[in-house]
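Colleague: Here it is: the structure, laid out below.
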Amino acid sequence: MNEVSAATRAVRVALVGNPNCGKTALFNALTGSRQKVANYPGVTVERKEGGFVTDEGRPVRLLDLPGTYSLRARSPDEAVTREAVLGRLAGEDPPELLLCVADATNLRLGVRLVLELKQVGRPMVLALNMADIARHRGVDIDVDRLSAELAIPVVSSVAVRRTGTEALLAQVGEMIRTLPPVSGEPCGWSAPGRAETRALQREADRIIAAAVTQPAQPDTVTARIDAVLLHPVWGTLVLLAVLFLMFQAVFTWAQPPMDAIKAGFDRLADVTGALLPDGLLRSFVHDGLIGGVGAVLVFLPQILILFLFILLLEDFGYMARAAFLMDRIMGGAGLHGRAFIPLLSSFACAIPGIMATRVIDSRRDRLATILVAPLMTCSARIPVYTLIIGAFIPNRTVWGGVSQQGLVMFGLYVAGIVSALGVSFLLKRVIWRNTPPEPFMLELPDYKLPSVRNIGFGLLQRAKIFLRRAGTTILMMMVVIWFLASVPRPPEGATEPAISYSLAARIGHFMEPVLAPVGFNWQIDVALVPGMAAREVAVASLGTVYSIEGGDEAVSGQLGQTLVGKWSLATALALLAWYVFAPQCASTLATVRRETGSWRWAGVLFAYMLALAYGSAFVVFQVASALGAG
Amino acid sequence: MSISLSLVSLEDWTDAPAVHAVAISPLGAGALGFTGRIHAVDASACPGVPAPAELEHRLLELGFVEGATVEIRHQGLFRRDPIAIRVNGATIALRRREACAIQVRPIEPVTRGARR
């Protein structure tokens, strides 16, 4: 540690509160864009830290901790909150001040958490967030009385309004000025028993009864919206409509920006192609860097649109309702209602989906969700599906106006969903059948208008995480693959395409005997290897293997025709079947390893998906060949 | 801060004489629109619950304590499950199976005290 004078050293403040209390909105309001997201070492819980400066000019490092109802943590998220508050988190200094957040419209659970946190013995301040909504509803909070009862400073705050955090900032600044030095002694918290939790809740209810006057007419907006959105029939129909709109948006709205990104990379490739002399360096920059990273970056718009929907629905308060509506349906397959959100995210990309399983408390439920999430058709499969369907499935309409190509695409999505349900059914009802189902307990927060600022911050964060991944993992993989496909160089006077002499071709030939029964030739085998880095890279690799010159557009245009000449229909269908299941994404496997804490479950995932991929491709190829498509 | 750790005292909620006439039943068996007051939170008698003490604790943490007012606001499409329960100003979703740990006494929805 550097020697820093006491007046300029950053003060560590931790933000604690219930889920849905507007904690993240307050964090965004206090820190603005000065935040960074990382992972806690060893665990995969996102660590969000931001900075701000008090009125007196003291810098503050604000740590946003996952929401919890008690320090008696159940999920990995909540365990991080407990460990951080208690100062037991490895590599993390204990917070000097706890900034508790409670929802002013619904204080019961927040006040009980404050009473529990007081036992930790650190300086605390309570922010009554969403104070404007509470006031609007006629909830009258005697802040002084509340502060006296709790024996800590209490301030009203409105995270979504520009001036809503001034009083809170002033209070935090004042407390920092008189902050006692952090004692090295262990703090006084121990996990409360049931009797203590009862007593704390009674005490909280007593304090609220003394300090808060409820309105004569309760607010009915949420109840009236829920009358429709949680209605057994209408609610389910609305949910289906929302999902339909979301997928429409992902596939249609994303197209123009995706085309623009693609065009940008094509131009970049042209420029570098003109500048660099023909040879290894040009091949590296052109095919390895620009081609590889560009193929992945193209998916940024789709991922952002999907996250836009997820963040909007989350902020509005709808996500918990979706889990409520889906609980019974997914429960039939052994999945938890909360698994709905992670599985939905997996349609964009399995990685954020797998990371979103952290909201599931039970380890088995979480594992089951992680293991089936990669079966959801992620956006990286789309280029592969599009290429093969476009080339091999006749573009005609069947059953009065339904496009046959669209039907096959839809069938591939359904195949993914059905197999995910089947696998989870097998896991939870056959392999783990002696484990009783985990309870479903979820707070349904009051609806509120989504805040543009919060959504913006959320999207910005997602974009940053995605770009960082593209710039590191995927970039590295592309370099490796380019190397395998380019080295060694063809001998003088070579007649075959350069790749035939490379290490990649040797790998392809090596794999050929194994994959011949599913109808794959060595060129496909070679393309599968780079597909491990990112599925969509397989398209570019097939282009390279079949020696077609030109940018991506030319590739997908001509490649289809080339493939029709080189592959049988049975091979094409087998490759589609393979891609529904194949564990073709190293980043997903790495994420599973991180999330589950060992390679074991990543190995299980890889093995079962590979078996499914091989088996289904085998069946499809053999049946199609027998029917004369070979 | 002093908190008494006394057990649930029955006097806390048996305020109206009429209440004595109606039976205690598990919330998980309640129909849509049921309104009542929590008599006890005890998962030990629940059939098929793996960790009754933990379930009880989680219910307490979500605000289901003795004396709180509950109302079944919504229910799912299949087997009327799960249910959304209004408890003292918050809405919590539970499966009926877990809601069986909450013993309730019905109260008239319009009586004073239905909402704190």
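Colleague: Taking every residue in B:82-90, how many Cβ atoms of other protein chains lie within 10 Å of its Cβ, on average?
Modeller: For peptide B:82-90, the averaged partner shielding equals 6.
Colleague: While we're looking at this one, here's another question. In chain A, what percentage of the DSSP-assigned beta bridges are antiparallel, given to the nearest 5?
Modeller: 45 percent
Colleague: Suppose only helical runs count, i.e. DSSP H with n ≥ 4. What mean residue ellipticity at 222 nm does that imply for chain A under -39500 (n - 2.57) per run, divided by all residues and rounded to the nearest 500 deg cm²/dmol?
Modeller: Using -39500 (n - 2.57) per qualifying helix, the result is -17000 deg cm²/dmol.
Colleague: What number comes out for the charge environment of A:Ile354, summing +1 per Lys or Arg and -1 per Asp or Glu over other residues with Cβ under 11 Å away?
Modeller: +3
Colleague: Something else about it: Can you order the peptides A:68-77, A:158-167 by their average number of other Cβ atoms within 10 Å per residue, highest first?
Modeller: A:68-77, A:158-167
Colleague: Beta carbons within 10 angstrom, averaged per residue: use that to sort the peptides A:338-345, B:71-78, highest first.
Modeller: Result, highest mean first: A:338-345, B:71-78.
Colleague: Roughly what % antiparallel, to the nearest 5, for the DSSP beta bridges in region A:11-213?
Modeller: 40 percent
Colleague: Counting every Cα pair in region B:20-106, what percent are over 19 Å apart?
Modeller: More than 19 Å apart: 29 percent of the Cα pairs in region B:20-106.
Colleague: For A:Thr435, what charge total do you get from the other residues with a beta carbon under 13 Å from its beta carbon, if Lys and Arg give +1 and Asp and Glu give -1? Intermediate results must be reported in sequence, preceding the final value.
Modeller: Numbers: positive: A:Arg363, A:Arg364, A:Arg366, A:Lys428, A:Arg429, A:Arg433; negative: A:Asp365, A:Glu438.
With Lys, Arg at +1 and Asp, Glu at -1, the net is +4.
Colleague: Shielding by partners for B:71-78, please: the mean number of other protein chain Cβ atoms within 10 Å of each residue's Cβ.
Modeller: Working: counts 0, 0, 6, 12, 4, 12, 8, 6.
Mean partner shielding for this stretch: 6.
Colleague: So what is the orientation-averaged projected area of region A:305-356, using the convex hull of its C-alpha atoms, in nm²?
Modeller: Projected over every direction and averaged, the Cα hull of region A:305-356 covers 3.4 nm².
Colleague: Please give me the summed charge of the neighbours of A:Pro450: other residues whose Cβ is under 14 Å from its Cβ, Lys and Arg +1, Asp and Glu -1.
Modeller: Its environment carries a net charge of -1.
Colleague: In Å, what is the Rg of the alpha-carbon atoms in region A:11-213, and how long is Dmax?
Modeller: Rg, Dmax (Cα atoms, Å): 15.9, 46.
Colleague: Another question about this same structure. When the Cα atoms of the protein assembly as shown are enclosed in a convex hull and the volume is divided per residue, what value in Å³ results?
Modeller: Residue-normalised Cα hull volume stands at 186 Å³.
Colleague: My understanding is that a pair violates if its Cα-Cα distance is over 22 Å; which of A:Lys23/A:Lys118; A:Lys48/A:Lys428; A:Lys23/A:Lys48; A:Lys48/A:Lys464; A:Lys23/A:Lys448 do that in this structure?
Modeller: Working: A:Lys23/A:Lys118 19 Å; A:Lys48/A:Lys428 34 Å; A:Lys23/A:Lys48 12 Å; A:Lys48/A:Lys464 13 Å; A:Lys23/A:Lys448 14 Å.
Correct reply: A:Lys48/A:Lys428.
We did not get these values from a lab; they are worked out from the coordinates using the rules stated. What you see is a predicted model, and the numbers here were worked out from it, not measured in a lab. Here Cβ is always computed from backbone atoms with ideal geometry, including for glycine, and neighbour counts include all displayed protein chains.
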